[in-house]
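Shown next, in structure tokens, is the structure this report addresses.
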Amino acid sequence: MKTIQNATPIDYFWLMLLSAIWGSAFVGIGYALSAFHPLIVAFYRILIATLVVWLFIWLKRLPLPKDRNSWTLLVLLGLINNALPFYLISWGQQYVSASTAAVLLAIGPFVALIMAHWLTHDEKITPFKLVGVGLGFAGVFILFGEDFFKGEHHSLYGKLAILIATIGYVSSGLMIRKLSHIDTLVCAGSMFLTASVWMLPFVWFVPFDSAALLSAPFLTILYLAIIPTAFASIIRIQLVQRTGVQFMSQVSYLIPLFAIFWAWVFFGSVPEITVWVALAMILGGLFVRKIK
């Protein structure tokens, strides 16, 4: 596993671009759910991304990994980095707004901080980072506490699903660093391929209207597959392998803000006050954890 490098200005550019793209994904998922089952949204998003990335792998004649350890990791990553998170986020957004889903994803850096402290040699925790973790989880408690006291079980379960997806993303980020010897396209394509295989047996058991393939929601799935999935995942893998999990996790500063912005632009949606309070606490925690 390669030692992480200091981030360059171009790394920050890609980080900003990823934030804008992933922020739009939450809005896109919400719209796609108006016509498709959550599992269908997640599956077609991954399947189409698989075809796109493997087309480039074939055109560039890139070599595939031949060792068992790499493929074992890729199969596992297909599950925890793509199949499960994509489905859990889609399922959760049936009951949770795009803005709230993005805010929950912002807890990722705190989970990454705790896991990286124990599992890596170059990303250790400090007292300020510990305070930041406390603020971040306090923000999450606000989001969950609202549903708990109001008895809104569907919203509570939706938020819990998205939180589990976030943990999956963070866990996979730590594992991706172990695949730095594999070409980025091959790494992304292999994860998408194995994720498609993981999900295929379950797709047959959910309703699907073939006429909806000509609808605007399906065009949204195409967008989700090509831009926030295929294109963005390639950038993410490169950044994780080069700059580490904690740098990559900084997208969480901006993803919620972009998600709120896109939801307002396209649907005129404005988050509730509790979402703003939770976001302020999480972003405050993210700021404190950067103090050395």
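The values are calculated or read from the model by the stated rules, or taken from the named source; none is laboratory data. Nothing here was measured: the structure is a model prediction, and the numbers come from that model. Ideal geometry is used to build each Cβ from the backbone, glycine not excepted, and the neighbour counts take in all protein chains shown.
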**Message:** If I go through region 74-97 residue by residue, how many of them are small (Gly, Ala, Ser) and over 18 Å from ALA225 (Cβ atoms)?
**Reply:** 2
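Of everything in region 211-230 that's under 21 Å from the mean Cα position of the chain (by Cα) and among the polar types (S, T, N, Q), which residue is nearest to TRP22 (Cα to Cα)? Lay out the reasoning, then the answer.
Of the residues in region 211-230, the ones under 21 Å from the mean Cα position of the chain (by Cα) are 217-230.
After this cut, where a residue has to be among the polar types (S, T, N, Q) as well, the list is 220, 229.
Working: THR220: 14, THR229: 9 Å.
Checked region 211-230; the qualifying residue nearest to TRP22 (Cα to Cα) is THR229.
Criterion first (crowded, with 19+ Cβ neighbours inside 10 Å and either among the hydroxyl-bearing types (Ser, Thr, Tyr) or under 28 Å from ALA280 (Cα atoms) (or both)) does LEU104 satisfy it? Steps first, answer last, please.
Values: crowded, with 19+ Cβ neighbours inside 10 Å: yes; either among the hydroxyl-bearing types (Ser, Thr, Tyr) or under 28 Å from ALA280 (Cα atoms) (or both): yes.
For LEU104, the condition - crowded, with 19+ Cβ neighbours inside 10 Å and either among the hydroxyl-bearing types (Ser, Thr, Tyr) or under 28 Å from ALA280 (Cα atoms) (or both) - is met.
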**Pair list, Cβ under 7 Å, 6 or more apart: region 186-203 residue on the phi > 0 side of the Ramachandran plot, other residue at pLDDT below 95 and surrounded by 16 or more Cβ atoms within 10 Å (Cβ to Cβ)** = none
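Listed residues ASN82, ASN69; which is within 11 Å of the chain's Cα centre (by Cα) and of a type in the set (S, T, N, Q)?
Details: ASN69 fails: within 11 Å of the chain's Cα centre (by Cα).
Within the list ASN82, ASN69, the selection yields ASN82.
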**Request:** Give the number of residues within region 53-63 that are touching a helix residue (DSSP H, G or I) at 6+ places or on another chain (Cβ under 6 Å) and surrounded by fewer than 20 Cβ atoms within 10 Å (Cβ to Cβ).
**Result:** 4
**Request:** Kindly list the number of the only condition in (1) within 15 Å of ALA20 (Cα to Cα); (2) modelled with pLDDT under 80 that fails for ILE235.
**Result:** (2)
**Prompt:** Within region 1-31, which residues are farther than 17 Å from GLY173 by Cα, polar (S, T, N, Q) and modelled with pLDDT under 90?
**Reply:** ASN6, THR8
**Request:** Just give me the residues in region 37-85 being touching a Leu at 6+ places or on another chain (Cβ under 7 Å) and not in a helix (DSSP H, G or I), in sequence order.
**Result:** LEU62
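Quick check on my filter: what residues within region 187-212 are of a type in the set (A, V, I, L, M) and either under 13 Å from LEU47 (Cβ atoms) or buried (at least 22 other Cβ atoms within 10 Å of the Cβ) (or both)? Explain how you work it out, then say what you get.
Within region 187-212, the subset of a type in the set (A, V, I, L, M) is 188, 191, 193, 195, 197, 199-200, 203, 206, 211-212.
The answer is ALA188, MET191, LEU193, ALA195, VAL197, MET199, LEU200, VAL203.
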**Message:** Condition (residue is within 22 Å of THR184 (Cα to Cα) and out of contact with any Ser or Thr (no Cβ under 9 Å at 6 or more places or on another chain)) applied to region 39-46: is it met by at least one residue?
**Reply:** yes
**Asked** Before we move on, is THR50 polar (S, T, N, Q) and either surrounded by fewer than 18 Cβ atoms within 10 Å (Cβ to Cβ) or within 28 Å of LEU286 (Cβ to Cβ) (or both)?
**Response** no
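Within region 179-193, how many residues are of a type outside the set (A, V, I, L, M, F, W, C) and either touching a Phe, Trp or Tyr at 6+ places or on another chain (Cβ under 9 Å) or assigned to a helix (DSSP H, G or I) (or both)? Show your work before the answer.
Our first condition is that a residue be of a type outside the set (A, V, I, L, M, F, W, C); within region 179-193, this holds for 180-181, 183-184, 189-190.
Filter again for either touching a Phe, Trp or Tyr at 6+ places or on another chain (Cβ under 9 Å) or assigned to a helix (DSSP H, G or I) (or both), leaving 184, 189-190.
Residues meeting the conditions: 3.
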**Asked** Based on what the data block shows, is PHE43 modelled with pLDDT of 95 or more, crowded, with 22+ Cβ neighbours inside 10 Å and under 18 Å from ALA230 (Cβ atoms)?
**Response** yes
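Please pick out the residue among VAL170, VAL96 that is outside any helix (DSSP H, G or I) and at pLDDT 70 or above.
Details: VAL170 fails: outside any helix (DSSP H, G or I).
One residue alone meets the criteria, VAL96.
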